[in-house]
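**Q** Can you read through this structure? Questions will come right after.
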Amino acid sequence: MNIFRLSGDVCHLVAIIILFLKIWRSKSCAGISGKSQLLFALVFTTRYLDLFTAFISIYNTVMKVVFLVLAYATVSLIYFRFRKSYDSESDSFRVEFLLVPVAGLSFLENYSFTPLEILWTFSIYLESVAILPQLFMITKTGEAESITTHYLFFLGLYRTLYLANWVWRYHEEGFFDQIAVVSGVVQTIFYCDFFYLYFTRVLRGSGKMTLP
Amino acid sequence: DDDALPKDEL
């Protein structure tokens, strides 16, 4: 464990909590892509199957449980409790265009052809594109509430810190997980455009982030 | 296919 990975995990947790509390307190999921949240729940489900078979540390186990619980709780808020405020019209990204290539690639490019390993690889590839429906929805509506942009900021920060974590681990331990790194770089690139808008608009106190 | 790497990251 290193400070980059730890702070990355904390940012990830903060992002998920920001989103959950926003929906819970505003009793609305307007502007939130339910599809992205479904994909994240699928990412955690397919990645954390080793929750009961491989014990790594208390921290690892606790964080996995927390991420799974919050992911499913957020999905249930969107699709059940506050479904009247779910804007399915704007959340129109075709997730099958993500799931099919990701599933195909996880069968082709993996470390070992076992169910657990293929599902883990699937979760790694899926996570790198899971945010796209949300980013697409923002471009479609042309705006995002500032709290939603803070959610995206912490999510992007978590991914950026993980890149630093991999540089550190390669330098310190010679550890290099090619699938995770390549997929993580792709994922972080998707946030670059958002980061630009976030720093130039939201942090200038313009409240909402409205796209040009 | 070399061996699966340790899965210690979240």
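The numbers here are math on the coordinates, done by the rules we state, and not lab data. In this text the structure is predicted, and so the values were computed from the model without any measurement. In this analysis, Cβ positions are derived from the backbone assuming ideal geometry, glycine residues included, and neighbour counts consider all displayed protein chains.
**Q** Working carefully through the options A:TYR198, A:TYR162, A:TYR170, find the one that is surrounded by fewer than 18 Cβ atoms within 10 Å (Cβ to Cβ) and either touching a residue at least 24 places away in the same chain (Cβ under 8 Å) or not charged (D, E, K, R) (or both).
**A** Just a single option satisfies the conditions, and that option is A:TYR170.
**Q** Further question: Spot the failing condition for A:SER206; the list is (1) assigned to a helix (DSSP H, G or I); (2) among the hydroxyl-bearing types (Ser, Thr, Tyr); (3) over 18 Å from the mean Cα position of the chain (by Cα); (4) surrounded by 11 or more Cβ atoms within 10 Å (Cβ to Cβ), and only one is missed.
**A** Looking at each condition in turn, A:SER206 falls short on (1).
**Q** Oh, and also: Output yes when any residue across region A:12-33 is within 14 Å of another protein chain (Cβ to nearest Cβ), among the aromatic types (Phe, Trp, Tyr) and over 22 Å from A:THR114 (Cα atoms), and no when none is.
**A** No, that holds for no residue.
**Q** If you don't mind, there's one more thing I want to ask. For region A:162-182, how many residues meet the condition of being more than 12 Å from chain B (Cβ to nearest Cβ) and within 30 Å of A:ILE23 (Cα to Cα)?
**A** 1
**Q** What are the residues in region A:133-161 that are out of contact with any Ser or Thr (no Cβ under 8 Å at 6 or more places or on another chain) and of a type in the set (Ser, Thr, Tyr), if any?
**A** Answer for region A:133-161, where residues must be out of contact with any Ser or Thr (no Cβ under 8 Å at 6 or more places or on another chain) and of a type in the set (Ser, Thr, Tyr): A:THR139, A:SER146, A:THR148, A:THR149, A:TYR151, A:TYR158.
**Q** Out of all the residues in region A:133-145, which are surrounded by fewer than 17 Cβ atoms within 10 Å (Cβ to Cβ) and either of a type in the set (S, T, N, Q) or free of Cβ contacts under 8 Å to residues at least 24 places away in the same chain (or both)?
**A** The answer is A:THR139, A:THR141.
**Q** Where residues in region A:106-125 are under 17 Å from A:VAL182 (Cβ atoms) and aromatic (Phe, Trp, Tyr), which of them is nearest to the other protein chains (Cβ to nearest Cβ)?
**A** Step by step, filter region A:106-125, then rank; the result is A:TYR111.
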